[in-house]
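Accompanying notes for the structure given below.
The values are calculated or read from the model by the stated rules, or taken from the named source; none is laboratory data. Because the structure is predicted, anything quoted here is derived from the model rather than measured. Counting neighbours? That spans all protein chains shown, and the Cβs are built from the backbone with ideal geometry, glycine included. Calculation scope for accessible area: heavy atoms of the full protein, side chains included, ligands and nucleic acids excluded. Shrake-Rupley method; radii C 1.70, N 1.55, O 1.52, S 1.80 Å.
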Amino acid sequence: MDSFEIISAPPANPAVRVAALLLRLRAELFVLVLVVGVWVWVALGPDHVRDEAGRFVAVPGTGFDTTTRVALFVAGGLVLAGLPWTRRFLFHRAQAVLTRHRVRQTLLECRVLNSRSRACPLTVWARPTRVGEAVWVVLRAGISPAAIAEQVEELASACFAREARVVPWPRFTTVVRVEIIRRDPLAPNLIRSDLFRYASGDIHDPGWPTHDGPDSPVPAPRREPSRPVLPAAPQPAFDGPSDSGRGGDWSDYV
């Protein structure tokens, strides 16, 4: 008979499930509310007047039309994407949010769940780092950090990264930090030395810069000033017979 597995989980409270969904989608909801708010503000117009109560209210009919609003939004998007600091900030933040979702989905697919309630660990926060992203995960009762560490290859593959690491919190192991390694910041700045070329035996490798010619990218080595050559000290003469210029017969002085 074929074996099979039955996975049962108690039904969760719908309010808790909705709250958890809103917590996971907080970044997307914030961007949506921000875009809708700017769209409404542009539609109402910048002109405001005071009413009888002293509050500022928008004057109807002073807003921009749909074409102008679309043009303003496109221009704002091009400005945010064109400036280097805003482009890097938005890209890294969006990648951190995507990594947080991918980490949770990987743990869910790999069945890193507690035994009875079948609940997944909580991915509470994610931020970009110099080498990738870091995701903080809160473990539920029945899940150990070793269960997360066993899925490092799956986490790296799901996040389109080269490596993943799991570091438990120093004080207590309920919180672990999943580090997604995407790049090596020292790789573009490696110092290329001619010693590797000399050790390989090929001192005329065209792929390596040489010191020949005035247009060489590598500066020529600094030459020390020439020193005067002193004359050689006079050698004592031997009266014995010459032995092919080797200083006479050895039997004369041995």
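Here residue 24 passes the criteria (1) at pLDDT 85 or above; (2) charged (D, E, K, R); (3) open to solvent by 70 Å² or more (accessible area, probe 1.4 Å) except the one numbered (3). Listed by first and then second residue, the pairs with beta-carbon distance under 8 Å, at least 6 apart or on different chains, first residue in region 32-51 and closer than 26 Å to residue 94 by Cβ and open to solvent by less than 70 Å² (accessible area, probe 1.4 Å), second charged (D, E, K, R) and modelled with pLDDT under 80, are 42/69. The residue that is modelled with the lowest pLDDT, among those in region 73-89 that are in contact with a helix residue (DSSP H, G or I) (Cβ under 6 Å, 6 or more places away or on another chain) and open to solvent by 80 Å² or more (accessible area, probe 1.4 Å), is 80.
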